[in-house]
Each structure stands twice: as structure tokens, then as C-alpha cells.
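First comes the structure, then the notes that go with it.
The values are calculated or read from the model by the stated rules, or taken from the named source; none is laboratory data. Treat the numbers as computed from the prediction; the structure is a model and nothing was measured. Heads up, the Cβs are rebuilt from the backbone with ideal geometry, glycines too, and the neighbour counts pull from every protein chain shown. Keep in mind that these areas ignore ligands, DNA and RNA; they rest on the heavy atoms of the full protein, side chains included. Shrake-Rupley method; radii C 1.70, N 1.55, O 1.52, S 1.80 Å.
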2 protein chains.
Amino acid sequence: MQDILFDFISKYVSLTEDEKNAILSLDIFRSVKKGAILLKEGQKSQDNYFVLKGCIRKYYIIDGEEKTTAFFTEMEGLTPHCAINNAPSEYFISCVEDTILIVANTDMGVELNTKFPKFQLMCGVLSEELLAKQQINFDEFKTSSPEQRYMNLLQKRPDLIQRVPQHQLASYLGIKPQSLSRLRARIVEKNKG
Amino acid sequence: MQDILFDFISKYVSLTEDEKNAILSLDIFRSVKKGAILLKEGQKSQDNYFVLKGCIRKYYIIDGEEKTTAFFTEMEGLTPHCAINNAPSEYFISCVEDTILIVANTDMGVELNTKFPKFQLMCGVLSEELLAKQQINFDEFKTSSPEQRYMNLLQKRPDLIQRVPQHQLASYLGIKPQSLSRLRARIVEKNKG
DNA sequence: TTCATTTCTTAACTTTAGTGAACGAATTTA
DNA sequence: TAAATTCGTTCACTAAAGTTAAGAAATGAA
């Protein structure tokens with residue numbers, strides 16, 4: 001399990017045994033059941049999540065309706081807004097599947113960063129990468145229709161379409177489940193004719 | 001003009017005269033006319049932009065149509081994706097109004113950062129702030145209808161509605177200019193009834 | 001397994017956005 | 001200033017998404 005983590009880190013910085021042990025000693029690995037809720041609206045938490053295996057989901061409840069805005073799968077990390085500004089969370093985080101996570105709070109991060117400046121370097125790179133990815137995603141979302149968004153997702157994250165319930169996917173695409181069903185039927189129809 | 005910059009910076013770190021002079025010696029201030037294009041699709045550039053006064057706009061041309069995805073006004077900065085990965089730009093950047101900018105390329109940044117670690121600190125904070133803002137914006141966009149997005153904009157950035165042409169605003173909201181006109185008429189109608 | 005709940009799809013109807021065209025107003029350009 | 005272009009709005013029509021409801025399929029719990 002730890003190997004997955006160290007393989008990932010090795011893409012950014014190389015670690016000594018000391019450093020690896022420092023990470024392991026933090027006891028950060030968590031195994032979480034499908035459906036479990038990691039963070040609730042209104043809750044304060046310092047925890048950051050990094051998915052080693054499985055899938056977690058970020059969603060709001062607006063007018064009693066779940067609005068899913070993001071999924072995080074293998075090798076993707078999530079720093080909840082509430083962990084940055086120490087305010088109650090505006091959203092929920094839950095597990096789409098049985099998931100193996102790294103859960104690290106901000107203090108741990110600070111501790112590691114001061115002991116091993118390498119980490120700070122890696123975090124900088126990661127956050128820059130993330131910002132860039134985020135911006136491109138947003139632009140793509142804005143400039144395309146629901147149907148295009150679905151086709152795009154089919155190309156870029158085909159796994160999501162398999163592993164995530166339709167109604168969660170729908171709200172991720174900014175539409176209702178019924179519209180997603182219809183839209184899919186429409187696409188099949190086009191490919192026939 | 002420089003005062004605007006130093007006032008802004010002073011919110012994050014305090015600068016010595018030396019440091020201020022180091023910044024000024026870079027000769028980074030640019031005055032740009034309305035309509036001027038700062039970056040074109042396909043072009044490579046290392047330049048980052050920071051708006052001191054005025055407004056710049058980021059847009060794609062997709063199937064011959066302009067798709068505006070962002071506006072940057074006073075005290076907002078833009079690091080084009082092409083400046084990070086040294087690839088041709090996928091989008092354009094142009095001036096919505098006569099604008100006073102700071103234009104800094106990546107080398108300058110590196111030079112300042114090594115001379116004055118303070119800057120690196122500030123950049124870290126800024127990029128974290130930006131990422132958080134970006135994520136909230138994206139979530140809001142995804143979870144709301146065009147009409148809600150317009151109402152939201154009216155609250156959060158009323159200045160944009162005044163200073164930006166309607167058709168650019170429309171595509172920023174993810175709709176066509178005709179739909180924005182109609183939507184506005186609809187809102188007025190509601191407030192009458 | 002059986003029952004209950006959740007999920008997905010379909011359908012009819014409503015609302016809203018996209019499209020193409022027209023027109024006046026505002027802005028540019030010659 | 002005059003002509004040309006761009007811009008914003010309106011209209012009629014089309015296409016797509018929202019809404020409400022119903023039923024089938026899949027999932028989960030007792």
C-alpha cells in the first residue's frame with residue numbers, strides 16, 4: 001500500500017529511507033467503506049485527503065438536492081476549503097467506493113515541510129499543476145454544452161462513467177439525471193442513423 | 001502608479017526600499033490601449049500579467065466564435081498556461097479597456113525570488129488563495145443556472161456588467177448574447193409583477 | 001430470500017437556451 | 001461627416017434541459 005504512495009512521490013522528489021520512515025510514522029493511511037462520509041457541511045476540519053485507491057466525491061446540498069462538483073480517484077488529492085480558512089465546510093465529502101486514503105492534517109504538513117524542505121518544493125509544484133489543470137477544466141466546462149461535456153468525459157475519464165452512479169455524474173455535468181439519460185439515448189440514436 | 005502595486009504587496013509582505021527598487025528596476029509597467037491583443041492563440045510567451053488599472057480578458061476562438069472564460073480587473077493576475085508548460089497558447093488575451101499592467105516573465109520571477117525569498121512566500125500564498133477562489137467559482141458555476149449566474153455576478157462583480165460588452169459577458173456566463181438579453185428582460189418582468 | 005429503497009429510464013409537458021433574421025443604436029473607420 | 005461595422009435587442013422557431021410522474025431494474029437490509 002505504501003509503495004503506491006512512494007511511487008507517486010518519486011515522480012516529484014526522491015526520498016531517503018529516513019524521509020520515508022518519517023512519513024510512515026505519521027500513521028496516515030485510512031481504509032474507508034463505500035458511502036462513508038469524510039466531511040460534512042458545517043463541520044470544521046484540518047484534514048487533507050489523497051486517494052491511493054478508490055474514489056471520493058465532493059458535493060453540496062442545495063435546496064435539499066445533492067450537487068456533485070468533483071470526483072477524486074487514484075493519485076488525486078483534495079484540500080478542503082475549510083482546512084485552509086478554518087471555517088465551517090460548505091460541502092460534503094464521501095466515498096463512492098471502498099477507498100484507501102492518506103489523511104493528513106495541516107499540522108503534519110507543516111511538520112514534514114520544516115523537517116524536509118523537499119516536501120514544500122513538491123507541494124509547490126503540485127499546487128501549480130493543480131491550478132493549471134483546474135483552469136483548463138473550468139474553461140472546457142464553460143465553453144461546451146452538456147452533450148459535449150459528456151463526450152469529453154467519455155474520452156478523458158472513461159473510468160468515472162463506469163464507477164460512478166449516473167445521478168452523481170449528471171450533476172457533475174451540470175444537468176439532471178433525466179437529462180443525462182435522454183442525452184445518452186440521443187447519442188446512441190445519432191450513431192445508428 | 002507604482003504606489004498601487006506596493007499597496008497591494010504590503011498586504012502580504014512588507015518591503016524594504018532596496019526591494020522596492022529591485023522591482024522598479026525591472027521596468028515592468030506597461031500601458032495598453034483598449035482592444036490590444038497581449039497574447040494570441042498558437043503563440044509562445046513567458047509573460048505573466050497583473051492588472052493595476054483596467055480590465056483584460058481571456059478568450060478562446062472555437063468554430064470561429066469567441067468564447068470568453070475570464071476577466072481580470074484591478075489587482076488580479078494571470079499566468080497563462082503557455083508560460084508554465086512552454087507550449088503554444090490555446091487562447092487569446094486582450095484588453096477590454098485602456099489598461100495599466102505589470103508584465104513579468106518567468107525569468108524575472110525567478111530572479112526576484114532568489115534575491116528576495118519574501119516574494120516566493122507571497123507567491124505561494126497568492127497561488128493558494130487563487131486556487132481556493134477558482135474552486136469556489138467553478139463549483140458555483142456548475143451548481144447554478146445561467147440566470148442564477150447572472151444574478152450572482154450582479155452581486156459579486158457589478159462593475160463587470162458595466163464595463164464589459166454584453167456579448168462577452170454572455171459567453172462568460174456560458175450562453176449566447178440573445179439569451180442574455182432575454183434573461184435580463186425576464187428578470188425585469190419578474191420584478192415588476 | 002424477501003421487502004424496501006435507491007437508481008435508471010421513459011414519457012408528456014413546461015421552461016429556457018440556441019438559431020437565424022431583422023432593426024435601430026452605438027462605435028469605428030475612412 | 002458619412003459610411004461601415006459592431007453591438008444589443010426583439011421575434012419566431014427549433015432544440016435541449018427542467019419538472020413531474022410512473023414503472024422497471026438494481027441494490028441493500030432484514
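Identify, among A:PHE116, A:LEU38, A:LEU78, the residue whose Cα sits farthest towards the positive end of the charge dipole of region A:2-143, taking +1 on the Cβ of Lys and Arg and -1 on the Cβ of Asp and Glu, with the dipole about the Cα centre. The residue sitting most towards the positive pole is A:LEU38. For the pair B:LYS20 and B:ALA36, the difference between a 0.36 nm per residue extended length and the Cα-Cα distance amounts to 2.9 nm.
Each Lys and Arg contributes +1 and each Asp and Glu -1, all at the Cβ; summed about the Cα centre of region B:144-193, the dipole is approximately 60 debye.
Taking each residue of A:36-49 in turn, how many C-beta atoms of other protein chains fall within 10 Å of its C-beta, and what is the average?
Values: counts 0, 0, 0, 0, 0, 0, 0, 0, 0, 0, 0, 0, 0, 0.
Going residue by residue through A:36-49 and averaging, the value is 0.
Each chain gives up part of its surface: B and A jointly bury about 2500 Å² of accessible area, both sides summed, for a 1.4 Å probe. Per residue, the accessible area of region A:4-83 comes to 50 Å², computed with a 1.4 Å probe over protein heavy atoms only.
Filter the DSSP H helices in chain A by two things, a Kyte-Doolittle mean of at least -0.5 and an axial alpha-carbon span of 18 angstrom or more, and list the hits by number.
Those that clear 18 Å and a mean of -0.5 are A:117-142.
Work out which residues of region B:130-153 lose at minimum 50 square angstrom of accessible surface when the other protein chains are put back, relative to the chain isolated, with a 1.4 angstrom probe, and list them by number. Flagged in region B:130-153: B:LEU131, B:GLN134, B:GLN135, B:PHE138, B:ASP139, B:PHE141, B:LYS142, B:THR143.
Beyond 23 Å in Cα-Cα separation lie the following of the pairs A:LYS11/A:LYS118; B:LYS53/B:LYS156; B:LYS33/B:LYS133: B:LYS33/B:LYS133. Largest GNM mean-square fluctuation across A:ALA104, A:ALA22, A:ALA170, computed for chain A with C-alpha springs under 10 Å, falls on A:ALA22. Each of B:VAL103, B:PHE50, B:SER127 was scored by the projection of its Cα onto the charge dipole of region B:47-142, and the greatest displacement toward the positive side belongs to B:SER127; charges sit on the C-beta of Lys, Arg, Asp and Glu. Residues of region B:72-90 whose accessible area, computed with a 1.4 Å probe over protein heavy atoms, drops by at least 30 Å² once all protein chains are present relative to their chain alone are B:HIS81, B:ILE84. In terms of its C-alpha gyration tensor, region B:144-193 comes out prolate, because a/c is 1.5 or above and the ratio a/b outweighs b/c. Evaluated over the Cα positions of region B:2-132, the convex hull gives a direction-averaged projected area, one quarter of its surface, of 8.1 nm². Label-point spacing for A:ASP107 across the identical copies (point 7 Å from Cα in the Cβ direction), in nm and ascending order: 4.7. Taking a point 7 Å out from the Cα of B:VAL13 in the direction of its Cβ, the residues of region B:123-141 whose backbone N falls within less than 13 Å of it are B:123-127.
List the residues whose amide H sits under 5 Å from the amide H of B:CYS55, counting only those 5 or more places along or on another chain, with H placed 1.01 Å from N in the peptide plane. HN-HN under 5 Å from B:CYS55: B:VAL96, B:GLU97. Measuring nothing but protein heavy atoms, the accessible surface of chain B at 1.4 Å probe radius is 52 percent carbon and sulfur. Taking Cα centre as origin and charging only the Cβ of basic (Lys, Arg, +1) and acidic (Asp, Glu, -1) residues, the dipole magnitude of region A:2-143 rounds to 140 debye.
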